[in-house]
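Structure first, then comments.
The values are calculated or read from the model by the stated rules, or taken from the named source; none is laboratory data. This one's a predicted model, so the numbers in the text were calculated from it and none came from an experiment. Here the Cβ is made from the backbone with ideal geometry for all residues, glycine too, and neighbour counts use every protein chain on show.
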Amino acid sequence: MKFAILLILAYILGSFPSGVVIGRLFYHRDIRQYGSGNIGTTNTFRVLGKPAGVVVLLLDILKGALAAALPIWGQLTPPHYLVLVFGLAAILGHSFSIFIKFKGGKAVATSAGILLTYNPGFFVIAVAIFLAILYISSMVSVASMLGLVLITISSLYYQDIFLTCVAFGLTLFIFYRHRENIKRIRNHNENLVPFGWYYHHKK
């Protein structure tokens with residue numbers, strides 16, 4: 001019973017639509033009606049600006065980290081691999097939020113929060129990989145997809161088969177969630193962040 005209650009709570013935590021809430025409370029705008037229509041960090045930066053984008057990024061990371069920590073706080077046994085199980089529930093919540101008719105974001109920041117709880121050292125490595133690719137490509141979508149591929153490969157170093165399997169599954173899921181971005185990348189009209197090597201090369 002405790003397991004089921006905490007798992008549902010993890011899903012609800014993940015379902016919290018940070019971008020929608022911040023937009024409505026402080027900017028009186030629904031970011032789903034602007035830009036890409038996505039509720040995540042990238043569209044928040046684009047539509048509402050840097051302060052809102054930073055807040056949404058931190059909230060999405062936080063909810064992933066908190067959801068992943070529930071089996072530890074709930075003293076479920078064994079808690080180590082359950083951190084990832086509960087994290088996956090949060091990812092489902094973020095991507096198919098009960099609060100916004102089972103729609104949601106692409107779960108990149110929420111996934112990072114789960115990794116922060118599961119393996120803080122690997123979280124730092126993953127962030128470094130993401131930022132390096134983002135700087136080179138100037139595209140969040142490329143950094144998210146290619147970053148997860150490299151993160152999955154890097155996870156082999158820890159000889160944690162469950163971590164690698166979850167990372168591989170997340171990579172497939174993130175690619176699926178970015179299918180429209182992939183089309184834009186192929187057509188050379190994907191949105192660029194205003195910095196990085198490719199952005200300056202295009203300019």
- If a residue has to be modelled with pLDDT of 95 or more, among the small types (Gly, Ala, Ser) and surrounded by 23 or more Cβ atoms within 10 Å (Cβ to Cβ) to count, how many in segment 105-119 make the cut? 3
- Check segment 74-83 and report whether any residue there is in contact with a helix residue (DSSP H, G or I) (Cβ under 7 Å, 6 or more places away or on another chain), buried (at least 23 other Cβ atoms within 10 Å of the Cβ) and not in a helix (DSSP H, G or I). no
- Task: For segment 56-71, indicate whether the set of residues that are charged (D, E, K, R), touching a Gly at 6+ places or on another chain (Cβ under 9 Å) and buried (at least 20 other Cβ atoms within 10 Å of the Cβ) is non-empty.
- Result: yes
- Exactly one condition in (1) under 24 Å from Glu190 (Cα atoms); (2) part of a helix (DSSP H, G or I) is not met by Gly37; state its number. (2)
- Item | Members of segment 47-95 found to be of a type in the set (D, E, K, R) and within 17 Å of Ser144 (Cα to Cα), listed by number | Asp60
- Item | Candidates Gly35, Gly23 - the one that is surrounded by 15 or more Cβ atoms within 10 Å (Cβ to Cβ) and touching a Leu at 6+ places or on another chain (Cβ under 8 Å) | Gly23
